[in-house]
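This report concerns only the one structure given below.
The values are calculated or read from the model by the stated rules, or taken from the named source; none is laboratory data. The shown structure was predicted, so the numbers you read here are calculated from the model rather than taken from an experiment. Cβ: placed from backbone, ideal geometry, glycine included. Neighbour counts: every protein chain shown.
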Amino acid sequence: MAGISRAIRACAAASRRGLSAAADPSKEAAAAGLRAAAAAAAGRKGRDREDGRRVQWVFLGCPGVGKGTYASRLSQLLDVPHIATGDLVRDALASPGPHSKQLAEIVNHGKLVSDEIIINLLSKRLEEGEEKGELGFILDGFPRTIRQAEILEGVTDIDLVINLKLREEALLAKCLGRRMCSQCGGNFNVADINIEGENGGPRMYMPPLLPPPQCESKLISRADDTEEVVKERLRVYHDLSKPVEEFYRARGKLLEFNLPGGIPESWPKLLEALNLDDPDNERSAAA
Ligand SMILES: Nc1ncnc2c1ncn2[C@@H]1O[C@H](COP(=O)(O)OP(=O)(O)O)[C@@H](O)[C@H]1O
């Protein structure tokens, strides 16, 4: 992975000058082939590939779909860092700096920050990882525009892109129900989703993920998880990020995964779709 951070910066600069290096589209791979490729990329025991690096995966999906939850679980399982650009942006706006006020203004209105800013933050995070000897990554929240996807494709091989999907009615409720403990940093969700099945299918049930008693009085919400801002984020996703799904579909890298319900129901099914085993059965069953 060495050098990706520098390559991303260089490629971003080239793309600004109109020299973007996009890969040639290849034929769409069959879902079975993709799953096999995912399993091969994850490897068996040490999860290292023949070329020594670990998985380089991307998570796509609307706000509230659960990218962070599943990316973080897979990162523990595969022993690769989970890099969420939303977290990098929140860290940047919380730390005193020339851009923090400007960043807060953009994020709290549900808009995307510029490709330049996001690429700087991501390159810095990858550089720090390279210094620590990190191999591979699971990206969450990047790429979010076609230009970001072209830049990433120009500098490294993404093995697999997991496109998480959830019924539209559940997305807003999930964002509005999101809570974090200001002390331990734990993530919870107070939304209790129980909706009619589609086309005669089974009901969808996503029970709340409630905090333990010691966190109850310390819960906070993200400033951008208000109804108005979530609706704007969903609109921005459809305008700017949906085309990224097509970008990877055309390159045979997109694995679509429809979340059937809450974590206990969805996690084993996601592992099955990826041909992966979770040796820690307790964690599989945990909400
Ligand atoms: N790749 C990106 N490009 C531009 N802006 C980003 C990117 N990733 C994160 N952001 C900014 O950070 C905010 C929060 O991101 P994230 O935590 O991924 O939220 P979401 O729940 O909308 O997926 C976004 O609304 C956007 O302002």
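Between 198, 227, the distinction of being within 16 Å of the ligand (Cβ to nearest atom), exposed (fewer than 13 other Cβ atoms within 10 Å of the Cβ) and either at positive phi or in contact (Cβ under 8 Å) with a residue 24 or more places away in the chain (or both) belongs to 227 only.
Would you please name the residue that is surrounded by the most Cβ atoms within 10 Å (Cβ to Cβ), looking only at residues in the range 203-213 that are more than 22 Å from the chain's Cα centre (by Cα) and assigned to a strand (DSSP E or B)?
204
The set of residues in the range 94-112 being under 12 Å from residue 233 (Cα atoms) and in contact with a Leu (Cβ under 8 Å, 6 or more places away or on another chain) consists of 106, 107, 112.
Scanning for something buried (at least 23 other Cβ atoms within 10 Å of the Cβ) and in contact with a His (Cβ under 9 Å, 6 or more places away or on another chain), does the range 140-152 turn up at least one residue? Scanning the range 140-152 turns up at least one residue that is buried (at least 23 other Cβ atoms within 10 Å of the Cβ) and in contact with a His (Cβ under 9 Å, 6 or more places away or on another chain).
Taken across the range 74-84, residues that are crowded, with 19+ Cβ neighbours inside 10 Å, within 10 Å of the ligand (Cβ to nearest atom) and either at pLDDT 95 or above or of a type outside the set (Ser, Thr, Tyr) (or both) do occur, with at least one present.
Within the range 249-265, residues that are at positive phi have Cβ atoms under 6 Å from residues that are small (Gly, Ala, Ser) in these pairs: 252/26; 252/29, counting only partners at least 6 apart in sequence or on another chain.
All conditions but one from (1) among the small types (Gly, Ala, Ser); (2) within 15 Å of the ligand (Cβ to nearest atom); (3) not in a loop (DSSP other than H, G, I, E, B) apply to residue 217; the one that does not is (2).
Exactly one residue out of 232, 216 is surrounded by fewer than 16 Cβ atoms within 10 Å (Cβ to Cβ) and not polar (S, T, N, Q), and it is 216.
State all residues of the range 172-189 that are of a type in the set (A, V, I, L, M, F, W, C) and surrounded by fewer than 16 Cβ atoms within 10 Å (Cβ to Cβ); if no residue qualifies, say none. Listed by number, the list holds a single entry, 184.
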